[in-house]
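The values are calculated or read from the model by the stated rules, or taken from the named source; none is laboratory data. Just so we're clear, the structure is a prediction, and the values are computed from it rather than from any experiment. Glycine gets a Cβ as well: all are built from the backbone with ideal geometry, and neighbour counts include every protein chain shown.
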Amino acid sequence: MATRQDSETVLRHMNAHVVLVGNERDAARRREIVQATYLPDVSLYAPTGLFQGYTKLEELFDGFVGSFSPGAEFEELGPVQTIGDLALQRWRLGKKGEKPLVTGSDVCIFGEDGRIARAYVLLDDTFKE
């Protein structure tokens, strides 16, 4: 079980998870962010399936970053909520000042070294097909 994480580390990794990874268009730079943010055996649970390890995460991110309309970006909604080794961040995807394409929440569980061990992507019901 992970130890209690310091708030600066949690905030940095949640921002990287929600904003930096999703908004980075350069695959090499995104790979650096992934390796700094997640444990090598990370599990990400998304509506489209389970993605385990760096390679699967990179494939997931490469696929969806290229599918966004120009100018659409992830943005955090409100503060990160934390308890123990768990953090939750609400987010939106869309162009600033326009109705979002999708909104949701991500829940992450942190490992011993402060990186994300497991992540869960939850979409708001109004956007589910």
Scope segment 18-43; condition surrounded by 16 or more Cβ atoms within 10 Å (Cβ to Cβ), in contact (Cβ under 8 Å) with a residue 40 or more places away in the chain and either touching a helix residue (DSSP H, G or I) at 6+ places or on another chain (Cβ under 6 Å) or more than 23 Å from Pro79 (Cβ to Cβ) (or both); matching residues = Val21, Glu24, Thr37, Leu39, Val42, Ser43
Is there a residue being touching a Phe, Trp or Tyr at 6+ places or on another chain (Cβ under 8 Å) and among the charged types (D, E, K, R) anywhere in segment 48-58?
-> no
Test: residue in segment 48-57 that is part of a loop (DSSP other than H, G, I, E, B) and on the phi > 0 side of the Ramachandran plot | no
Are any residues in segment 53-75 within 17 Å of Leu122 (Cα to Cα) and either surrounded by 15 or more Cβ atoms within 10 Å (Cβ to Cβ) or in contact with a strand residue (DSSP E or B) (Cβ under 6 Å, 6 or more places away or on another chain) (or both), and if so, which ones?
-> Leu57, Leu60, Phe61, Phe74, Glu75
With respect to Arg12, determine if the residue is over 11 Å from the mean Cα position of the chain (by Cα), modelled with pLDDT of 90 or more, surrounded by 15 or more Cβ atoms within 10 Å (Cβ to Cβ) and within 22 Å of Pro79 (Cα to Cα).
-> yes
